[in-house]
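Below is one structure; the comments refer to it alone.
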């Protein structure tokens, strides 16, 4: 029977909860493999080596560099994402739909294409500011997408009430609107932060060393040496600091709307005389994010002519990339669901610990994850060495954060009452979740999977090390040709990576667009 | 669909996908080559070899030292039959782990003795020369460095570019170490850290010299020739300076190939080594776009290149190129 007490029950024993917790714990354990590996190397190499490798000038420089990069790029991204989302969702900016597409589109451009494009357009542009610029251009969509979606769904009643009570519009924005964007800002910000820590391709040509570039240098010289892994250890510590910050800022307020009626779209502010300057700025911005890569790729394609379209090779790479991205994305999204559900429905200390284990891998460069899996496979499960399952596991570990962030946001908007009603009507616990929350969260889950697939389609290091012999993805071919300086031959692969990513970006954008205000 | 159903479907789909791929992974009769040489060159070799012998070849791509270390980690279980590199230190690393099968005399004799290690555990397949690519509008012939050591001196501060994180450059440092000893190398690396504009990749170093950011770049010759033959955008304002005089800066780095002792296809693998060091294999170097030197007996290089014999390179047994010590010194100099 449907009774008030059972509807309001917040915790208590539940079989579905226990199952999901067990599943999340299993994923967390798998995620801890790279950390265990790093710790094992640290123990194995002895305290003296640890001191010699960690407490040195280079590591201090890298810490400063990473802190500067995070400290500059992240706030800029946050501010820009809010500003752009506000322009599109809450002003009478002309061509709002088009702008919104253009702001999301850079997601389809692989990071190393940004990097090559900038080094070819502005060869003298180096160092911290170059790194900050390319980071902002490449990663802004991670923040823009959730912030814009959240802004659109906000119930304007709160803002109107504040206005009616005498607050100036700017005060309303900071005291009412911005706080309601917290979940989107925290989730997107965390994703950008993790990527900044783990990214290698973006910084190859900017002459700016981060932990990730130093780890890759070490790996290329000494492979599985203590230096690379110990740098990875320091990176994990930095990442935990970031996670603690995010958890502290995120809080666990309720964001779903229930009750009769529905939220209606908010009122649009008039830009008036500001419209033209704003349009100019936006055109300039899109020129930087999309124009520069397009220019460079176009030039390479023209230089290459028809000879570079080796369809046999290109077709094979395309097919393999699609398969890996598809299965990797499914696996990762499925693996992330239990933790996403727990983090919204049953937050607890244990849950936060498990969640941190899901996230931290995202801050590690692919090399460390791949090295751990190579070592484990070679030593203990030889038949799985250089096999698809191991590769998919690596993808799952690397891209769990991407899946989690999207899932969290969409589960948070599905009212928990529906699950309880379904359970009380006699559905088994997991099915109750499946038929209510998961169904409501399905578009969000699809978007998460798309975000993961985007990552996998452009992933290189892990694929190089773990893929079965004979595998050639688009990213592998692109890397191979660029390292031979044959940019013209590399260009079709970059173009295909963009083309392959576009439908995923469209999916992401439509999901954010089409979700009704709840 | 219930969650269980969904999981099952996913599992099945993965299994199906795995089987669909199976032909690419059945490694029974295929020669598996771990390749750190340029993929285009290796693929050309592999295709021509398969055409001539009917033996199928699979290439696994990577960079010199990471693949070498991966082979060492795989040990006796390595799926690889052959290992091809761009530079010698990666070969030495695998050889020091005792994983190479000594090569028979008839295979070794395809290249002259100076292009293979004294112990005969692997063989040279191509070569590249160190050069100083300089911006011709910023330096005249008289201003050029006479020796590689000179680049570590104060007058060169901020004036040249290098990519010390790459295996190419580390091979050069290994040569410096073999010729000049540990102390001199440590000092030279200090000088490098002080003087050089540090970039990632030889192309970026060449580009820095070409756009006038620095006067010159310490790189291998083929980056310059490749760029000239291609888009020209990173080399049109630069010329090449060869150090000569058996200076460490005239070091010629040997690309190698070795047969893994754990290989199950030794006969085919030896066949492949004979093929790439023989007339057809070396012709690919001469006629292709790699601009690397040939090393086979009586196999002239690409006519665009300055012949190897005229470079006056220092004599070093490639088996002496010790990457471990190089890395140790580079970490001590905070370069890695």
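The values are calculated or read from the model by the stated rules, or taken from the named source; none is laboratory data. Since the structure is predicted, the reported quantities are computational estimates derived from the model, not experimental observations. Virtual Cβ from ideal backbone geometry, glycine too; neighbours counted across all protein chains shown.
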So which of B:240, B:270, B:259 is buried (at least 21 other Cβ atoms within 10 Å of the Cβ) and either touching a residue at least 40 places away in the same chain (Cβ under 8 Å) or closer than 30 Å to residue B:141 by Cα (or both)?
B:259
If you go through B:127, B:174, the only one that is away from chain A (no Cβ under 11 Å) and in contact with a strand residue (DSSP E or B) (Cβ under 8 Å, 6 or more places away or on another chain) is B:127
Which ones in the stretch A:457-494 are part of a helix (DSSP H, G or I) and away from chain B (no Cβ under 14 Å)?
A:457, A:458, A:492, A:494
Conditions (1) closer than 23 Å to residue A:202 by Cα; (2) surrounded by fewer than 21 Cβ atoms within 10 Å (Cβ to Cβ); (3) within 14 Å of chain B (Cβ to nearest Cβ); number of the one not met by residue A:500
(3)
Which one is surrounded by the most Cβ atoms within 10 Å (Cβ to Cβ) among residues in the stretch B:215-237 that are more than 11 Å from chain A (Cβ to nearest Cβ) and over 22 Å from the mean Cα position of the chain (by Cα)?
B:215
Does any residue of the stretch B:184-198 turn out to be at pLDDT below 95 and in a loop (DSSP other than H, G, I, E, B)?
no
With (1) in contact with a helix residue (DSSP H, G or I) (Cβ under 8 Å, 6 or more places away or on another chain); (2) more than 10 Å from chain A (Cβ to nearest Cβ); (3) crowded, with 24+ Cβ neighbours inside 10 Å; (4) under 30 Å from residue A:57 (Cβ atoms) as the list, and residue B:194 as the residue in question, which single condition is left unmet?
(3)
Residue within the stretch A:435-445 that is at the interface with chain B (Cβ under 9 Å from one of its Cβ atoms) and in contact with a strand residue (DSSP E or B) (Cβ under 9 Å, 6 or more places away or on another chain) present:
no
Within the stretch B:237-277, can you find the residues that are touching a strand residue (DSSP E or B) at 6+ places or on another chain (Cβ under 6 Å), within 24 Å of residue B:188 (Cα to Cα) and assigned to a helix (DSSP H, G or I)?
B:249
Residues satisfying the stated conditions in the stretch B:308-330, i.e. within 14 Å of chain A (Cβ to nearest Cβ) and assigned to a loop (DSSP other than H, G, I, E, B):
B:321, B:322
Residues that are part of a helix (DSSP H, G or I), in contact (Cβ under 8 Å) with a residue 12 or more places away in the chain, under 21 Å from residue B:285 (Cβ atoms) and under 21 Å from the mean Cα position of the chain (by Cα): does the stretch B:77-87 have at least one?
no
So which residues in the stretch A:337-382 are crowded, with 24+ Cβ neighbours inside 10 Å, within 14 Å of chain B (Cβ to nearest Cβ) and not in a helix (DSSP H, G or I), if there are any at all?
A:365
Residue in the stretch B:152-166 that is nearest to the other protein chains (Cβ to nearest Cβ), counting only those that are outside any loop (DSSP other than H, G, I, E, B) and buried (at least 22 other Cβ atoms within 10 Å of the Cβ)
B:161
Just checking, does the stretch A:212-221 include any residue being part of a helix (DSSP H, G or I), modelled with pLDDT of 85 or more, away from chain B (no Cβ under 14 Å) and touching a helix residue (DSSP H, G or I) at 6+ places or on another chain (Cβ under 6 Å)?
no
Of all residues in the stretch B:171-200, count the ones that are more than 25 Å from residue A:203 (Cα to Cα) and free of Cβ contacts under 8 Å to residues at least 40 places away in the same chain.
4
The residue that is modelled with the highest pLDDT, considering only those in the stretch A:9-24 that are surrounded by fewer than 18 Cβ atoms within 10 Å (Cβ to Cβ) and either in contact with a strand residue (DSSP E or B) (Cβ under 9 Å, 6 or more places away or on another chain) or part of a helix (DSSP H, G or I) (or both), is A:22
Filtered residues of the stretch B:29-38 (kept if more than 12 Å from the chain's Cα centre (by Cα) and within 9 Å of residue B:61 (Cβ to Cβ)):
B:34
Please go through the stretch B:31-46 and pick out each residue that is more than 8 Å from chain A (Cβ to nearest Cβ) and either closer than 19 Å to residue B:270 by Cβ or part of a loop (DSSP other than H, G, I, E, B) (or both).
B:31, B:33, B:34, B:35, B:36, B:37, B:42, B:45, B:46
Just give me the residues in the stretch B:278-307 being over 23 Å from residue B:249 (Cβ atoms) and not in a loop (DSSP other than H, G, I, E, B), in sequence order.
B:279, B:280, B:281, B:282, B:283, B:284, B:285, B:286, B:287
